[in-house]
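The values are calculated or read from the model by the stated rules, or taken from the named source; none is laboratory data. In this text, all values refer to a predicted model and were calculated from it rather than measured experimentally. Cβ: placed from backbone, ideal geometry, glycine included. Neighbour counts: every protein chain shown.
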Amino acid sequence: MRAATRLERAQALEAAAACRVAGQSERAAAAAVGRPRSTLRDWAQTQGASPEVPTALAAFCACEEGVQWLHRLVLALQFVITLRAGGGVRLVCECLELSGLSAFVGASYGSQQGLNAALEQAVVAIAAEQRTALAADMAPRAVTVCEDETFHPATCLVALEPVSGFILLEQYAADRTAATWTQALRDACAGLPITIVQGTADEASALRRHIEGDYDAHHSPDLFHLQHEVAKATGLTLTRAVHAADAEVASAEAQLAAARAAEQAYRAQRHGPGRPPAFAQRIREALATLARVTVARDQAQARQREARALIRALGEAYHPYDLERAEAQPPERLATRLEGIWQQLAGLARAADLPARAQAHLTKARRLTTALLATVTFFFATVQQRVEALSLAPDIEQAVLEQLIPALYLERVAARSTHAEVRTRLRALSAEVLAPLLKPEHPIQALDTDTRAHLEQVAGDCADLFQRSSSAVEGRNGQLSLHHHGRHRLSDRKLAALTAVHNFHICRADGTTAAERLFGHAPPPLFEQVLARVPLPPRPRRRRPRRSKVAYLTPLAA
């Protein structure tokens with residue numbers, strides 16, 4: 001027979017107390033609530049307050065509302081500390097002790113560890129149920145996946161859909177070969193009506209073969225890794241040059257100050273006949289040296305600033321639409337812009353006399369130009385195909401291709417920008433491009449509401465198609481590393497629970513979860529379902545008195 005929970009006990013005791021107030025006997029009250037009289041007596045004794053707990057607080061925590069509040073509070077501590085903050089069960093125990101809740105809930109490590117295991121099992125089970133239910137009503141979608149590996153030290157494969165932020169795959173694997181990636185992703189996507197058309201990842205051969213060979217999808221290079229290669233080529237060498245130039249300037253300034261101080265000291269004393277030292281020549285030479293090294297330092301700093309600007313220029317150029325005019329940027333135009341940046345980097349490398357190893361990093365990064373152009377080509381071809389499938393009138397199709405999709409793309413770029421002035425400018429440009437479509441005389445306004453909504457949905461999907469970085473999955477790997485550092489090991493159940501919390505609990509600023517954004521429907525709140533499944537731990541046991549410390553060197557009284 002299943003043991004009664006804390007809430008069921010409180011409900012039974014309150015019902016029995018109400019029967020007693022109504023004039024029923026203790027036996028009749030026990031029969032009315034369906035519990036043995038001895039059981040009710042035992043429950044009433046265990047509900048008693050500890051001497052150090054205020055009577056009113058003890059009475060509240062013994063009633064039905066108090067038990068519900070206590071249940072929510074303890075589970076919230078477990079949920080936030082162990083699944084959100086990367087802490088452990090011992091921190092939960094300490095929190096219960098410091099808050100005084102240990103008088104009502106078992107705060108030992110054993111009791112809280114059992115609650116944590118039940119919590120993780122419930123989270124994983126609820127997420128699996130929600131995934132199945134939401135997938136049944138999900139419309140088919142073509143998606144991009146961002147993929148990468150992280151190590152704890154076991155290899156963890158992570159694949160994420162970047163638009164919704166939904167983690168499709170997060171599991172440990174024996175290796176990271178293409179076959180392992182493909183099998184793991186197919187198992188993770190089983191039952192989901194999605195088609196993977198693009199994969200954004202680094203240039204690892206296994207990832208490329210997995211996306212291009214096994215999924216017959218387009219492999220999009222990671223812009224971050226390209227910029228990182230350029231930064232590795234220029235960053236350390238140019239920083240060392242600036243530091244060396246700063247040291248030379250400081251030395252030259254010290255020499256100039258010493259020459260001037262020597263002249264002043266010489267003139268402050270009386271001297272006999274004889275030619276004085278050539279202080280003027282020494283000062284002129286020190287000034288010339290200072291001017292020369294100052295110019296060299298300014299040049300080194302300028303090269304460092306130029307390198308950083310060129311790295312940013314790579315990111316600013318790599319877009320399907322020009323961020324200045326909102327015009328389509330075909331591969332030919334993008335190739336011209338990128339070639340100009342590479343030539344400037346080559347000139348910078350010659351001027352800074354970069355070593356061969358740094359030159360190799362630049363060469364490796366430059367080789368990715370072909371992959372960047374291929375991604376832009378894939379983007380425009382796919383967008384053209386999707387828009388043509390709508391069978392729109394020529395003027396509406398042109399407006400969608402040349403105005404609606406670029407405007408939505410600029411809005412998405414603005415949302416990801418970290419600079420307020422850039423966000424403001426891009427949003428203003430997006431609104432300017434979109435304004436003609438909102439006029440009553442535009443042909444799009446003649447369409448019915450459902451058609452316009454579908455048109456906007458397709459245009460938004462087209463704008464989301466261009467994914468140039470796997471930074472989302474890199475950030476997820478960082479989160480997993482924090483949890484790993486806090487525990488030194490993540491079990492399969494813990495990892496699955498962390499994935500479930502990310503997909504079905506964490507909300508963006510608009511209040512949507514990753515699951516809602518991917519499936520198109522909002523699942524029930526995860527934590528509320530956990531409350532319904534995971535019971536509150538029992539009350540704490542009576543603590544045994546601590547044994548007094550034996551004083552070995554103190555003689556016993558006779």
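Which condition number does residue 254 fail, the rest of (1) under 28 Å from residue 308 (Cα atoms); (2) part of a helix (DSSP H, G or I); (3) among the small types (Gly, Ala, Ser) being met?
Result: residue 254 passes all but (1).
Quick check, is residue 286 at pLDDT 95 or above and either part of a helix (DSSP H, G or I) or closer than 16 Å to residue 225 by Cα (or both)?
Values: at pLDDT 95 or above: no; either part of a helix (DSSP H, G or I) or closer than 16 Å to residue 225 by Cα (or both): yes.
Against the criterion (at pLDDT 95 or above and either part of a helix (DSSP H, G or I) or closer than 16 Å to residue 225 by Cα (or both)), residue 286 does not qualify.
If residue 484 satisfies all but one of (1) buried (at least 19 other Cβ atoms within 10 Å of the Cβ); (2) within 19 Å of residue 325 (Cα to Cα); (3) not small (Gly, Ala, Ser), what's the number of the condition it fails?
In the conditions (1) buried (at least 19 other Cβ atoms within 10 Å of the Cβ); (2) within 19 Å of residue 325 (Cα to Cα); (3) not small (Gly, Ala, Ser), residue 484 misses (2) alone.
Mind checking whether some residue in region 423-443 is loosely packed, with under 14 Cβ neighbours inside 10 Å, modelled with pLDDT of 95 or more and more than 30 Å from residue 394 (Cβ to Cβ)?
Yes: region 423-443 contains one or more residues that are loosely packed, with under 14 Cβ neighbours inside 10 Å, modelled with pLDDT of 95 or more and more than 30 Å from residue 394 (Cβ to Cβ).
Restricting attention to helices (runs of 4 or more DSSP H) lying wholly within region 385-471, give those where 1 or more residues are over 28 Å from residue 222 (Cα atoms) and among the hydroxyl-bearing types (Ser, Thr, Tyr).
Working: elements: 394-399, 405-416, 420-434, 449-465.
Hits in region 385-471: 449-465.
For region 277-296, state whether one or more residues are aromatic (Phe, Trp, Tyr), more than 30 Å from residue 220 (Cβ to Cβ) and surrounded by 14 or more Cβ atoms within 10 Å (Cβ to Cβ).
Here is the first cut: in region 277-296, the ones aromatic (Phe, Trp, Tyr) are 279.
Imposing the further condition that a residue be more than 30 Å from residue 220 (Cβ to Cβ) reduces the set to 279.
Going one step further and asking which of them are surrounded by 14 or more Cβ atoms within 10 Å (Cβ to Cβ), we end up with 279.
Yes, that holds for at least one residue.
I'm checking my understanding of the structure. Among residues of region 522-558 that are modelled with pLDDT of 90 or more and outside any helix (DSSP H, G or I), which one is surrounded by the most Cβ atoms within 10 Å (Cβ to Cβ)?
Pass one, region 522-558, residues modelled with pLDDT of 90 or more: 522-534.
Next, from what is left, pick out any that are outside any helix (DSSP H, G or I): 522-525, 534.
Working: 522: 13, 523: 20, 524: 13, 525: 12, 534: 22.
Here the answer is 534.
Could you grab the pairs with beta carbons closer than 6 Å, sequence gap of 6+ or different chains, first residue in region 108-120 and at positive phi, second one loosely packed, with under 15 Cβ neighbours inside 10 Å?
Between residues of region 108-120 that are at positive phi and residues that are loosely packed, with under 15 Cβ neighbours inside 10 Å, there is no close pair.
Return the residues of region 275-302 that are within 23 Å of residue 353 (Cα to Cα), of a type in the set (Val, Ile, Thr) and in contact (Cβ under 8 Å) with a residue 12 or more places away in the chain; say none if nothing qualifies. Working first, answer last.
Filtering region 275-302 down to residues within 23 Å of residue 353 (Cα to Cα) leaves 289-302.
Then drop every residue that is not of a type in the set (Val, Ile, Thr), which leaves 289, 293-295.
Correct list: 289, 293, 294.
Please go through region 303-313 and pick out each residue that is without any contact (Cβ under 8 Å) to a residue 40 or more places away in the chain and among the aliphatic types (A, V, I, L, M). First the steps, then the outcome.
The first filter runs over region 303-313 and keeps only residues without any contact (Cβ under 8 Å) to a residue 40 or more places away in the chain, leaving 305, 308-309, 312-313.
Correct list: 309, 313.
Within region 448-459, can you find the residues that are among the aliphatic types (A, V, I, L, M) and surrounded by fewer than 16 Cβ atoms within 10 Å (Cβ to Cβ)? Reasoning before the result, please.
Here is the first cut: in region 448-459, the residues among the aliphatic types (A, V, I, L, M) are 453, 455, 458-459.
453, the sole residue that qualifies.
Would you check if residue 390 is at pLDDT below 95 and in contact with a His (Cβ under 9 Å, 6 or more places away or on another chain)? Working first, answer last.
Values: at pLDDT below 95: yes; in contact with a His (Cβ under 9 Å, 6 or more places away or on another chain): yes.
In short, yes.
Sort through 249, 242, 230 and tell me the only one that's in contact with a helix residue (DSSP H, G or I) (Cβ under 6 Å, 6 or more places away or on another chain) and within 30 Å of residue 469 (Cα to Cα).
Details: 249 fails: within 30 Å of residue 469 (Cα to Cα); 242 fails: within 30 Å of residue 469 (Cα to Cα).
Of the residues listed, the single one that is in contact with a helix residue (DSSP H, G or I) (Cβ under 6 Å, 6 or more places away or on another chain) and within 30 Å of residue 469 (Cα to Cα) is 230.
Among the residues of region 199-225, count how many are under 21 Å from the mean Cα position of the chain (by Cα) and farther than 20 Å from residue 176 by Cβ. Before you say what the answer is, go through the steps one by one.
Here is the first cut: in region 199-225, the ones under 21 Å from the mean Cα position of the chain (by Cα) are 199-202, 220-225.
Right, trim to farther than 20 Å from residue 176 by Cβ and you get 223.
Qualifying residue count for the region: 1.
Between a residue in region 473-493 that is closer than 21 Å to residue 160 by Cβ and any residue that is among the hydroxyl-bearing types (Ser, Thr, Tyr) and surrounded by 19 or more Cβ atoms within 10 Å (Cβ to Cβ), which pairs come within a Cβ distance under 8 Å, given they are 6 or more apart or on different chains?
477/150; 480/150; 481/150
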